[in-house]
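The values are calculated or read from the model by the stated rules, or taken from the named source; none is laboratory data. From a predicted model like this one, the values you see are computed outputs, not experimental measurements. Counting neighbours? That spans all protein chains shown, and the Cβs are built from the backbone with ideal geometry, glycine included.
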Amino acid sequence: MKALLAISALSVLAACAQTGQVQRLAAGPEAAPIAVFRPGAPRPLPASRANTDMSRDFIELGFAMESGRPIAQFSRFDGPVRVVTRGAPPAGSLPDLERLLTRLRAEAGIDIARVAQPAADDNVITVEFLPRRQMRAIVPTAACFVVPNIASWSEFVANRRSPVIDWTQVVQRTRAAVFVPADTTPQEVRDCLHEEIGQALGPLNDLFQLSDSIFNDDNFQTTLTGFDMLLLRVWNSPELQPGMTRDQVGARLPTLFNRFNPSGRRGTATTSDLTPRAWREAVEQALASSGGVTNRRAGAARALVIAQEQGWTDTRLALSLMLRARLAPRDQGDAALDALLTAAEIYRNTAGGEVHAAHIDMQLAVQALASGQPEMVLALTDRALPIAERTENAAFQASLGFLRAEALSLLGRDDEAERLRLDSLPAARYGFGSEAAARARMDEIARIGSAARQIARL
């Protein structure tokens, strides 16, 4: 289930960006309301961890729900899977769905295709597009979600308290329904398709420590990654069968990962302890959009205390530091910057952490812009932009473009800046949902640049 927990990277430190803070880092025409943003050929970041780690994560992902409830037996579809859609698909969603299914066939080796009408004995994933309000009336905390053994929203509502839709009771999957809001941004629709269809075909759990996976509720990875496709290839390999126990699956994983990921044989395994439920709850409290800033700061503070008490040095500590920085009061800018720099160092030394590090670069670029350091803005965004493009995160890509445009303006390169703003708008419309929302984000960043220019004149 994709929860409403996304980190808004741009706003993380804008409030505490103060003049001089980043010095320590130095060494057209009106478009359509929503434009379809089409990146080039998919280039997902590859799986880069040791196969022993991947086997461990496979088990943790595969034999528990997000709630912590155990799953006794391995489950999956057995045989080809067909996808049908219901409701009114929003503009661009069907091409995004086809792009996803093409990737699943090519990268995960899954026999999956969209059809108008499935056969009676087909394994079927139904994707139903609904108004967000209708979804939240029943499941208020979910942006989108997947349910087994049904084929429609009405069937879900009728069975929502029934064991029929209890994933822990499913052994062989034959039907699943993915529910996606039709009235949200094109990027969120696409992200929902990736995560929920990925869960329909594979694991049902999310792990905050998986920096290189979409199966992670921090929502930095917005599309299925190389690790995810490798996991789904192993999940759907014939050596694994529905009904296997945890130990039976675990015994087969080393051979499967070594076959499908030969480079992972040479990787260095890492140790990993169990993540206390209290830390996860604190992180969720800090991320919850409806929690209020005081409550969210308390969650971030508690998460960081737990991470430090556990002696963690991995991405769980990095995420705790990022949340603490994001929610820091205005007068704690220096401490927030220290937390971000420490988190960035952890992520840069972690497989898959380049996406998180790139988001930190954008946060630092906001500070650099606010403090009138355009060259640093260009350097930071230049490092982050290839990751935004490669992971197909249009909102991230557009924000970086707008930041670069403001930096160019500060340097007197106004023609370049205006071209870059216009070039960034298609991604912004896709990521933020409309012409108005795209220009609002552009104006938000422009105000930071304008304030920097005023400071420079003093």
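Table for the structure above
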| quantity | calculated |
| --- | --- |
| Ala298 among the aliphatic types (A, V, I, L, M), farther than 29 Å from Leu400 by Cβ and touching a Gly at 6+ places or on another chain (Cβ under 7 Å) | no |
| Pick from region 345-367, criterion of a type in the set (Val, Ile, Thr) and within 28 Å of Leu408 (Cβ to Cβ), ranking: farthest from the chain's Cα centre (by Cα) | Val366 |
| Number of positions in region 274-312 that are among the polar types (S, T, N, Q) and under 23 Å from the mean Cα position of the chain (by Cα) | 4 |
| Wholly enclosed helices (runs of 4 or more DSSP H) of region 151-256 bearing at least 3 residues charged (D, E, K, R) and assigned by TED's automatic domain parsing to the domain that holds Arg99 | 186-201 |
| Given (1) of a type in the set (D, E, K, R); (2) assigned to a loop (DSSP other than H, G, I, E, B); (3) at pLDDT 95 or above, index of the condition Arg302 fails | (2) |
| Candidate set from region 235-251 (those that are touching a helix residue (DSSP H, G or I) at 6+ places or on another chain (Cβ under 9 Å) and of a type in the set (D, E, K, R)); member that is surrounded by the most Cβ atoms within 10 Å (Cβ to Cβ) | Arg246 |
| Options Glu406, Glu375; residue that is surrounded by fewer than 20 Cβ atoms within 10 Å (Cβ to Cβ), assigned to a helix (DSSP H, G or I) and touching a Leu at 6+ places or on another chain (Cβ under 9 Å) | Glu375 |
| Close pairs from region 92-114: first on the phi < 0 side of the Ramachandran plot and part of a helix (DSSP H, G or I), partner among the aliphatic types (A, V, I, L, M) and surrounded by fewer than 18 Cβ atoms within 10 Å (Cβ to Cβ), Cβ under 7 Å, at least 6 apart | Leu101/Ala113 |
| Output for region 269-305, where each listed residue is hydrophobic (A, V, I, L, M, F, W, C), crowded, with 19+ Cβ neighbours inside 10 Å and under 23 Å from Ala351 (Cα atoms) | Trp279, Val283, Ala303, Leu304 |
